[in-house]
1. Could you sort 175-186, 94-105 so that the peptide with the highest average Cβ count within 10 Å comes first and the rest follow in order?
2. Provide the convex hull volume over Cα atoms per residue for the chain, in Å³.
3. Among 33-46, 113-126, 158-171, what's the highest-first ranking by average C-beta atoms within 10 angstrom per residue?
4. Pulled fully out, how much extra length does the chain show between ALA113 and GLN29, if you take 0.36 nm times their separation in residues and subtract their Cα-Cα distance?
5. Sort 59-70, 127-138 by packing, meaning the average of other beta carbons within 10 Å per residue, with the highest value first.
6. Can you give me the relative contact order of the chain as a percent, contacts being Cα pairs under 8 Å and 6 or more apart?
7. Which value results when the Cα radius of gyration for segment 149-209 is divided by 2.2 N^0.38 Å?
Amino acid sequence: MENYFTILIDFIGTFAFAVSGIRLASGKQIDWFGAYIIGLVTAIGGGTVRDLLLGIRPFWMLDSRYFLITALAFIAMLLLKDQLVKWWNTLFLFDAIGLGLVTIVGISKSIDAQLPFWVCIVMGTITGSVGGLLRDVLLNEVPLLLRKDIYALACVAGGLVYFTCQYFELSVPLTEMVAASVVITVRILAFRLHLHLPVLPSIQSQKEK
């Protein structure tokens, strides 16, 4: 039961991230195949890096459904473009949802590998944020991960909540839902309230000045 729940949030997160990637690609004069690839990279990029660090075969090589889910996201964007923009404020909300869900999947898989809690949080953060980083690099954008936006830190917050819930012996599905909600909420609130880390000022020598 718990395993099926993790798989479900993994697939929903994959769909959400794929939609966010395809939506961003839509403004870059990219053809359909290119847009599909951007959506796929966004959806599986973080998990691929996680699996390579864990020393296991990347998950998408063992399950073709990730390609099908990305295809469904692409079709949804073609057919329901206006509705998605109206209902979801597309790119940001889908990115936030994907961030929260796949972060929890990364933590769960790292726990299965019997890694320390702090490594699990790092792996969850990699799973959640690296796909978006690769998407932005491919589209020649400054990655969200490197801007002043609260992005990776939202993953860290969700990871800390995950292990807090685990300490109080909450069920795995409830723990995953609470932690994912924290990631999504932190990301959304930081965006809406314009919360961000200080920007590193330019450091120049006297000669450069």
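Each reported figure results from applying straightforward, stated rules to the coordinates on display, with no laboratory input. Everything numeric here is computed off the predicted structure, so don't read it as measured data. Positions of Cβ are generated from backbone atoms using ideal geometry, with glycine treated the same way; all protein chains shown enter the neighbour counts.
1. Going from most to least packed, we get 94-105, 175-186.
2. It comes to 158 Å³ per residue, whole-number rounded.
3. 33-46, 113-126, 158-171
4. So the extension gain works out to 26.1 nm.
5. Final packing ranking: 127-138, 59-70.
6. 23
7. Rounded to two decimals, the normalised Rg is 1.67.
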